[in-house]
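Working notes, structure below.
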Amino acid sequence: MTKIISPSMLSADFGNLQAMCEMINASEAEWLHFDVMDGVFVPNISFGFPVIEAVKKHCRKMLDVHIMIVQPEKYVQRFAKAGAGVLTFHYEATENPDEVIRLIRAEGIKVGICVNPDIPVKVLEPFIEKVDMVLLMSVFAGFGGQKFIEETYSRIDELKEMIDRMNPDCLIEIDGGVTLENAPKLFAHGVNVLVAGSTVYNATNPQQMIIDLKC
């Protein structure tokens, strides 16, 4: 089974992004996760194209870009140009998810779709065959450092059943409250990609923590 660790930029030291990139490059993390917030879809603002472009110059890992923004269709081309290798948008943030999927596909990058914990997993069923990844938020989008929502496990099981039936190559990603304690259980339930922020960057040895999360 595919196991990927995607450390979240949101928890990194923004005063030394090059050093962060060098750490990620030297680590066993496959991806680097970006949480892009617009202050509208979520009550917070993070970073945009210039930061992604700057990191892309130094980071050799896949850029895993999660856009928490309204009308994502307006910005697909710019995120692709900035360096996104995976672009994940929220089902709740657009009136036409199929159009966003089509636009991302047209850029030749991987497509992800995401829902918050209060959105039924069932709404994703029409899109499972069309995407490369589903991101289930295990906290509410918008802030780092939140506590993992335990109901996420049953939501993963429901999603896994749909994926096994409709698109077995589709990856499952979890974002929010991922720790050394719950990582094994998440992988056991069929998750492929773990987004880890403070768990990685607050560790005494972030590179070793990335290895430990995969075990």
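Hey, what D do you get for the chain in µm²/s if you plug the Kirkwood alpha-carbon radius into Stokes-Einstein at 20 °C and 1.002 mPa s?
Result for D is 126 µm²/s.
Using only the alpha carbon atoms of segment 1-99, find the Kirkwood hydrodynamic radius as the inverse mean reciprocal pair distance, in angstroms to one decimal.
With all distinct Cα pairs of segment 1-99 included, I get 14.0 Å.
For segment 132-186, what are Rg and Dmax over the alpha carbons, in angstrom?
Considering segment 132-186 through its Cα atoms, Rg and Dmax are 11.7, 34 Å.
Of all beta bridges DSSP finds with both residues in segment 1-136, what is the antiparallel percent, to the nearest 5?
Among the beta bridges of segment 1-136, antiparallel pairing accounts for roughly 5 percent.
None of the figures in this text is laboratory data; all of them are computed from the coordinates on show. Please read these numbers as outputs of a predicted model, since none were measured by experiment.
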